[in-house]
1. Could you list the chymotrypsin sites (Phe, Trp or Tyr not before Pro) in region 170-247 that lie in coil according to DSSP, counting only those with at most 15 other Cβ atoms within 10 Å of their Cβ?
2. Going by how many other Cβ atoms sit within 10 Å of their own, how do Leu140, Leu193 line up, fewest first?
Amino acid sequence: MEILPFLVLPFIASLILTGIHSYLGVHVVERGVIFVDLALAQIAALGATVAVVASMDPHGRFSYWISLAFTFLGAAILLMSKATGETEHLKDMLVGNILAVSRPEVIKTAILYAAVGLFHFIFRKKFLLISMNHEKAESLGINVRFWDFLFYASFGFVVTSSVAIAGVLLVFCYLIVPSVGAMLFADRIGPRLAIGWTMGTLVSALGCYLSVVIDTPTGATIVVTFGAVLILMFLLHLIVHHGRNNSTALAGASSARHELPR
């Protein structure tokens with residue numbers, strides 16, 4: 001029980017990640033660009049590598065802006081071999097250490113994600129239309145390329161910040177798994193977001209708790225928990241779907257039997 005207070009900030013950080021990534025995940029899955037998160041995350045990690053090579057603080061302000069610049073522009077991942085003496089810093093940027101997240105990082109991330117969330121809320125109709133019905137958006141005269149750029153630019157801000165505190169794999173899970181799990185049970189955006197946010201919150205709490213009980217890395221435990229919960233949701237979906245098919249078949253058979261001539 002003594003270690004539980006140390007999990008408060010990681011859990012809050014997990015909730016913040018859940019809030020923004022579950023929403024962005026809906027767009028990413030609908031656009032069919034599931035691995036764009038990994039691509040941007042790797043580029044952001046490359047920016048952090050350049051900062052380390054230049055002897056900058058990997059968690060400092062200049063390192064963040066360099067990572068963001070690389071997220072926007074992209075680059076070849078050739079500089080990794082140059083940072084021979086900073087492997088631990090690189091490991092933090094690539095794998096993440098959400099257990100070590102600080103209060104200032106949580107506050108800064110919350111403010112940034114709130115701003116990105118407000119931006120997407122204001123222009124939600126355009127973003128959702130482009131993600132859900134690209135052809136219709138073009139037929140209505142919307143500048144799809146411009147709004148796509150704004151989407152991926154805002155996405156870059158989120159990924160750059162998330163990778164710094166959670167690592168590539170955990171960020172990918174927060175982005176994709178809740179959205180995929182929600183798609184098993186809902187078609188409309190509202191219910192899918194509700195399911196995704198609920199799943200992310202419960203998995204974050206369970207992952208943090210299990211990491212204490214079985215003494216494993218928090219981030220890795222949350223990733224495994226995401227996978228286990230998604231499997232359970234898929235099995236539940238199969239059971240529900242199978243039950244509905246049986247009910248429909250029985251109803252159809254009953255109706256046909258009543259319609260037979262006597």
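1. Phe185
2. On the way: Leu140 11, Leu193 19.
Fewest-to-most Cβ neighbours within 10 Å comes out as Leu140, Leu193.
Where a number appears in this text, it was derived from the coordinates with a stated rule and is not lab data. From a predicted model like this one, the values you see are computed outputs, not experimental measurements. Because the Cβ atoms are built from the backbone with ideal geometry, glycine has one as well, and the counts that use them run over all protein chains shown.
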